[in-house]
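First comes the structure, then the notes that go with it.
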Amino acid sequence: MAASTHNLLSHSPSLPKTLNHPLKQNPFSHLPILPLKPSKNLFKRHSLSLRAVLSQNTAKTQNTTFEHCFTKSPDGFLYCEDVKVEDIMGKVEKRPFYLYSKPQISRNVEAYKEALEGLKNPIIGYAIKANNNLKILQHLRRLGCGAVLVSGNELKLALHAGFDPTKCIFNGNGKILEDLVLAAQAGVFVNVDSEFDLENIVTAARVAGRKVNVLLRINPDVDPQVHPYVATGNKNSKFGIRNEKLQWFLDSVKAHPNELKLVGAHCHLGSTITKVDIFRDAAVLMVNYIDEIRAQGFEVDYLNIGGGLGIDYYHSGAVLPKPRDLIDTVRELVLSRNLNLIIEPGRSLIANTCCLVNRVTGVKTNGTKNFIVIDGSMAELIRPSLYDAYQHIELVSPTPPEAEVSTFDVVGPVCESADFLGKERQLPTPAKGTGLVVHDAGAYCMSMASTYNLKMRPPEYWVEEDGSVTKIRHGETFEDHVRFFEGLCLQALLQLFQLGFFDSFDVVCTWRLIFLSLFIYNILALLLPVFDFVPANHPVFLALSNEFIVKISREAKTGRPLRPE
């Protein structure tokens, strides 16, 4: 850490209320559900009943340990909670799919809630970017979570899912004005990330006619010791503001009392962090910034330390920090300043609740390399290809005793050498059709999935508290893809209508032109593949019909005849 911050970090645990330097010397550079009970028989078989409806009851849990919800039975079968994964594979669509444990999500949230006990009005802001499944969001909302948003659509989804806007935080280094207006109207917290961001927030407040509660996102320049792609709090990051510029932002907030209310400070160090002392290092700096901000007359009540707590992707049994370890490292600092703590967990809430379930297509050898080829790919789960990330892989069922254990790269069918889910994995040689899972796939997997090579995004299911399996997202289909291109040629006719091209025509002539165009268009659709047949209920046709009705209404009001005399 820079020498300028060393003095701050070397303070005694009690910490003085303020720094010893005036700001002009730039100190900132330095559904109720059944309670979860231990199963009498962990590996008992449930009769699977697939459902596509989510229970609306509030969830409560008793077991708050971070034990893994996917376990191997002594006979070699993989279970999700008490349900055999192989049985689930036999009931659902024959394609890759994501499988979650709903009880594990509840247990993870409960671990954070217990860790935060004793603090004043803490907010668990779930990072929607980690996984944006609507049903999961609704479940987290019912458990009391807020939401952390990094785009306008995430904000819309959070509101649609019913999150309390006063427990939502809108982050991002490139928030656009339209999204900021929505944020201002909704009343969510907004992080100030740059000079132009502040200007846009001021403009949004004026458009919305509402004062915006803002936090300043300050880069504490603490090294999170993680992959550079997921480090966000260092001095060269694209996120946040440098502490040397802090006074300018304070002056700017003061200059806009009708638009902005500064309520807190925020930092975010990165992701996959496994050393909680790093959070304390940052918190020490942040509370001292808050002291000086308060000294200038601002009523700052919130400290947002971000998220980023890592998990055991290797399944090695490593002792990693849990939510209580994280909160305990900053508890004293938060209490000493009477602050409301905001945390932004994503990965640690959802990652270990899910597997990507695949089927083995075949096994092959090229040169010295052995490959297990599966139907899943980097299109469904890109983390290994993007970050060279490790995620544990195993088979869902036992292999015959004679199956040879070899070292394999687990790869998909996408036309890229980068299409792999794991490299150099010791696995028994599987037969065709064998189930294979990629563990800890709840975070930054489905939310980063694509349709590369036209591999459509997969369906999602979860195992509920009673052992039933519910579909919580439909898989995308080829028809979904084609639908994006329907009616594009016909859009030109609608645009002509909206631009007033038909204003000089009487209603009867306009009607004839529209239906003659539709008739000719559909004849072409039967003859040429580049045209799409347009049914009467097609959105463009309905829009044209609406425009026609508006034209009749307008001309009736003006007294213009429907047909020329």
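The values are calculated or read from the model by the stated rules, or taken from the named source; none is laboratory data. It should be emphasised that the depicted structure is a prediction, and the values quoted were computed from it without experimental measurement. Because the Cβ atoms are built from the backbone with ideal geometry, glycine has one as well, and the counts that use them run over all protein chains shown. Each accessible area value is taken on the protein alone, full model and side chains, heavy atoms only, with ligands, DNA and RNA left out. Shrake-Rupley method; radii C 1.70, N 1.55, O 1.52, S 1.80 Å.
In table form, for the structure just shown:
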item: Residue satisfying all of: in region 359-388; assigned to a strand (DSSP E or B) and among the charged types (D, E, K, R); surrounded by the most Cβ atoms within 10 Å (Cβ to Cβ) among these; result: Arg359
item: Yes/no for Leu427 being modelled with pLDDT of 95 or more and under 20 Å from Lys94 (Cβ atoms); result: no
item: Options Gly306, Gly317; residue that is open to solvent by less than 20 Å² (accessible area, probe 1.4 Å) and at positive phi; result: Gly306
item: Qualifying residue in region 146-163 (condition: within 26 Å of Gly310 (Cα to Cα), over 16 Å from the mean Cα position of the chain (by Cα) and either open to solvent by 10 Å² or more (accessible area, probe 1.4 Å) or of a type in the set (Gly, Ala, Ser) (or both)); result: no
item: Meets criteria (under 26 Å from the mean Cα position of the chain (by Cα) and at pLDDT below 95) for Tyr444; result: no
item: The listed residue being in a loop (DSSP other than H, G, I, E, B), at pLDDT 95 or above and open to solvent by 60 Å² or more (accessible area, probe 1.4 Å), out of Arg206, Arg210; result: Arg210
item: Check on Lys254, at pLDDT below 65 and over 20 Å from Ala186 (Cα atoms); result: no
item: Single residue of Gly306, Gly362, Gly346 found to be more than 25 Å from the chain's Cα centre (by Cα) and closer than 26 Å to Leu381 by Cα; result: Gly362
item: Leading residue by the ranking (least open to solvent (accessible area, probe 1.4 Å)) among those in region 275-298 that are modelled with pLDDT of 95 or more and assigned to a loop (DSSP other than H, G, I, E, B); result: Phe298
item: Subset tally (residues that are under 11 Å from Tyr98 (Cα atoms) and not in a helix (DSSP H, G or I)) for region 444-462; result: 7
item: Residue match in region 168-185 (condition: touching a Cys at 6+ places or on another chain (Cβ under 8 Å), of a type in the set (A, V, I, L, M) and outside any loop (DSSP other than H, G, I, E, B)); result: no
item: Where a residue in region 369-388 is under 21 Å from Thr407 (Cβ atoms) and its partner, wherever it lies, is basic (Lys, Arg) and in a loop (DSSP other than H, G, I, E, B), with Cβ under 7 Å and at least six apart; result: Ser377/Lys455
item: Hey, Asn171 of a type in the set (S, T, N, Q) and surrounded by 21 or more Cβ atoms within 10 Å (Cβ to Cβ) or not; result: yes
item: Close pairs (9 angstrom Cβ cut-off, 6 or more residues apart or separate chains): over 30 Å from Ile382 (Cα atoms) in region 116-131, part of a loop (DSSP other than H, G, I, E, B) and open to solvent by 50 Å² or more (accessible area, probe 1.4 Å) anywhere; result: Lys120/Asp301; Lys120/Asn338; Asn121/Asp301
item: Filtered residues of region 380-394 (kept if charged (D, E, K, R) and over 18 Å from Leu99 (Cβ atoms)); result: Asp388
item: Options Thr353, Thr399: the member that is among the β-branched types (Val, Ile, Thr), open to solvent by 10 Å² or more (accessible area, probe 1.4 Å) and more than 15 Å from Ala449 (Cα to Cα); result: Thr399
